[in-house]
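One structure below.
The values are calculated or read from the model by the stated rules, or taken from the named source; none is laboratory data. All of these numbers come straight from a predicted model, not from anything done at the bench. As a convention, Cβ positions derive from the backbone with ideal geometry for all residues, glycine included, and neighbour counts pool all protein chains shown.
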Amino acid sequence: MKYALLIYQDAAFEEHWANADDDQRRALYAEYGAFSQLLEERSAMVEGNELGLSHTATTVRTQDGDAVVTDGPFAEVTEQLGGYYVVEASDLDEALEFARALPSEIVEVRPVVEPEGAA
């Protein structure tokens, strides 16, 4: 079964990341690279990507049948979605094991609902 590991960080991290120097960025990318390698070794990697900082988001809302486009993320919250992995796991316990191995303080684990008949 596929699970999405949604990586959240607080607004302070986003500011830190925006101002990080090359060494700081390389160090964090190395941690995520090691995690990706773990998934590859376990044949669990489906995909994963870093997302742009929350201020780069554009949100489309439907109001009274009209699409309204606004700059910024959907919700004003203290944590922002920063990236994700989709993993193949035998069950929720294995997906949680992967989430614990991520170098992130907040990881939301959700099953991926696949269309009927999808392999």
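Numbers at a glance
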{"read-out": "Boolean, Glu79 is among the charged types (D, E, K, R) and touching a Phe, Trp or Tyr at 6+ places or on another chain (Cβ under 6 Å)", "value": "yes"}
{"read-out": "Criterion violated by Ala75 - all others in (1) modelled with pLDDT of 95 or more; (2) not in a strand (DSSP E or B) satisfied", "value": "(1)"}
{"read-out": "Residue that is nearest to Tyr85 (Cα to Cα) [pool: residues in region 33-56 that are assigned to a helix (DSSP H, G or I) and modelled with pLDDT under 95]", "value": "Ser54"}
{"read-out": "Enumeration of residues in region 14-38 that are under 15 Å from the mean Cα position of the chain (by Cα) and more than 12 Å from Pro103 (Cβ to Cβ)", "value": "Glu14"}
{"read-out": "Some residue of region 14-22 being in a helix (DSSP H, G or I), more than 24 Å from Lys2 (Cα to Cα), touching a strand residue (DSSP E or B) at 6+ places or on another chain (Cβ under 7 Å) and not polar (S, T, N, Q)", "value": "yes"}
{"read-out": "Of all residues making up region 39-56, the number that are among the small types (Gly, Ala, Ser) and within 18 Å of Ala12 (Cβ to Cβ)", "value": "2"}
{"read-out": "Qualifying residue in region 62-79 (condition: surrounded by 11 or more Cβ atoms within 10 Å (Cβ to Cβ) and in contact (Cβ under 8 Å) with a residue 60 or more places away in the chain)", "value": "yes"}
{"read-out": "Sole exception among (1) surrounded by 10 or more Cβ atoms within 10 Å (Cβ to Cβ); (2) over 13 Å from the mean Cα position of the chain (by Cα) for Glu41, by number", "value": "(1)"}
{"read-out": "Every residue from region 96-112 that is of a type in the set (A, V, I, L, M), over 10 Å from Leu5 (Cβ atoms) and modelled with pLDDT of 95 or more", "value": "Val112"}
{"read-out": "Within region 8-31, tally of residues that are at pLDDT 95 or above and either closer than 12 Å to Val86 by Cα or surrounded by 14 or more Cβ atoms within 10 Å (Cβ to Cβ) (or both)", "value": "0"}
{"read-out": "Among (1) under 23 Å from Trp17 (Cα atoms); (2) in a helix (DSSP H, G or I); (3) over 14 Å from the mean Cα position of the chain (by Cα) - the single one Asp93 does not satisfy", "value": "(1)"}
